[in-house]
Amino acid sequence: MHTVLRSATKTVTIGHDQPFCIIGERINPTGRKQFQLQLRANDLSRLAIDVEQQVSGGADVLDVNMGVPLTDEPALLGRAITMIQTLTDLPICIDSSIIEALQVGLETYQGKALVNSMTGEEDRMDQILPLIKKHGAVIIALPNDATGIPMTVAERMTITEKIVRTVEKYGIPLEDLVIDPLAMPVGADPDSLKVTLETIHSIREKWGLNMTLGASNVSFGLPYRHAINAAFLPAAMSHGLTSAVMDARTPLIVEAVRAADLLLGLDPWGSNWITRFRALEASKAALNTGA
């Protein structure tokens, strides 16, 4: 099953037979006080730096979240999307919990967007899925509902089943549904990642759906988070994870994913791995020459 995202000029395909899709997480004001202040002042200049760092780091898609209190989030998101599409041809993941912001984002975006995200409550699905249908977008859905985050594989599969049936009811093809199997902090619950990995495997086996998750969640509260994330993602890929919202600026994590592509047969003959290595070496040589 292939999930296709598009900008005005570029297509990215997510699938179990495709290289892992890196969705850059950086354009998000959460935990970034200075960025929040800039956005409240309608200063979007930081976006150019965040875009450049993630593109050069190896992102395939850019997540864009403008959720800042005391701002007009729909208007801010629309401006951010317009600006980012002048800076890069990478597809965008429109990230908001506000329906009005999603609507403005989808109306502004040129291409086929990924939308982050939707939960399994019926009223929430009834609000978001008509927008997805209208704009031909792709939706990320989390298998949790009003009862909270389910802690067992069986519970997550039950909610995923409800999401699948509702998406089909709206006439949206399943390739335009991406499931987030819920990655929880391993520091808070040592068994949480086992549940996530089993959920990934079960969803792939039952529906063949593409999946994503917030990779940084797994290491929350622990030191040297990059190493934990770099170890987790290849394991998740081996179970069927096909994309992640992750740090595209950190070579340790990106290289772990690209090495896993090679080892899992998603980079035949290592062509992408070799091309990336040569580009890095050329970049180092250029810097040395300049020095």
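Any read-out appearing in this document is the output of simple, stated calculations on the displayed coordinates, not a laboratory observation. Everything numeric in this text was worked out from a predicted model, so none of it was measured. With ideal geometry, Cβ positions are generated from the backbone for all residues, glycine too; neighbour counts draw on all protein chains shown.
With a point put 7 Å past each Cα toward its Cβ, work out how far Ala286 is from Phe220 in nm, to one decimal.
Taking the two extended label points, one gets 3.8 nm.
For the stretch 3-290, what does the alpha-carbon gyration tensor say about shape, rounded, prolate or oblate, given a ≥ b ≥ c as the root eigenvalues, a/c under 1.5 as rounded, and a/b over b/c as prolate?
Numbers: a/c = 1.44, a/b = 1.10, b/c = 1.32.
Cα axes put the stretch 3-290 in the rounded bin.
Among Glu122, Glu175, Glu73, which one shows the highest mean-square fluctuation when the chain is modelled as a Gaussian network with alpha-carbon springs under 10 Å?
Glu122
What number of lysine-lysine pairs in the chain show an alpha-carbon separation below 20 angstrom, given a sequence spacing of 8 or more or placement on distinct chains?
9
Taking R0 as 25 Å, what FRET efficiency do you get between Glu107 and Met1 from their Cβ-Cβ distance, rounded to the nearest 0.05? Working shown, then result.
Working: r = 28 Å, r/R0 = 1.10.
The value I calculate is 0.35.
Most fluctuating residue of Thr199, Thr158, Thr86 in a GNM of the chain with Cα springs under 10 Å: which is it?
Evaluated over the chain, the most mobile residue of the options is Thr86.
From the backbone phi of the stretch 104-113, what are the Karplus-calculated ³J(HN,Hα) couplings (6.51 cos²θ - 1.76 cosθ + 1.60, θ = phi - 60°) in whole Hz, Gly and Pro given as x?
5, x, 5, 6, 7, 5, 9, x, 10, 8
If you find the alpha carbon centre of the stretch 69-126 and of the stretch 179-253, how far apart are they in angstrom?
Each part's Cα centre sits 24 Å from the other's.
Calculate, in nm to one decimal, what Arg278 and Ser238 gain on full extension: separation in residues at 0.36 nm each, minus their alpha carbon distance. Could you put the intermediate results ahead of the total?
Details: separation 40, 0.36 × 40 = 14.40 nm, distance 2.62 nm.
Length gained between Arg278 and Ser238: 11.8 nm.
Please give the FRET efficiency for Trp269 paired with Asp126, using the beta carbon to beta carbon distance and R0 = 41 Å, rounded to the nearest 0.05. Don't skip to the answer; put the middle values down first.
Details: r = 47 Å, r/R0 = 1.15.
Using R0 = 41 Å, I get an efficiency of 0.30.
Ordered by residue, what ³J(HN,Hα) values in Hz, to whole numbers, does the stretch 137-147 give under the Karplus form 6.51 cos²θ - 1.76 cosθ + 1.60, where θ = phi - 60° and Gly and Pro are x?
Each residue's phi maps through the Karplus curve to give 8, 10, 10, 8, 10, 9, x, 9, 9, 4, 7 Hz.
As a test of the formula, what do you get for the chain when each DSSP H run with n ≥ 4 contributes -39,500 (n - 2.57) and the sum is divided by the residue count, at 222 nm and rounded to the nearest 500 deg cm²/dmol?
Numbers: 10 runs with 140 residues, N = 291.
Result for the chain, helices only: -15500 deg cm²/dmol.
Counting only C-alpha contacts under 8 Å and six or more residues apart, can you give the relative contact order of the chain as a whole percent?
Relative contact order, the chain: 20 percent.
So, in nm, how far is label Thr152 from label Lys33 when the simple model puts each one 7 Å beyond its Cα toward the Cβ?
Result for the modelled spin labels: 4.4 nm.
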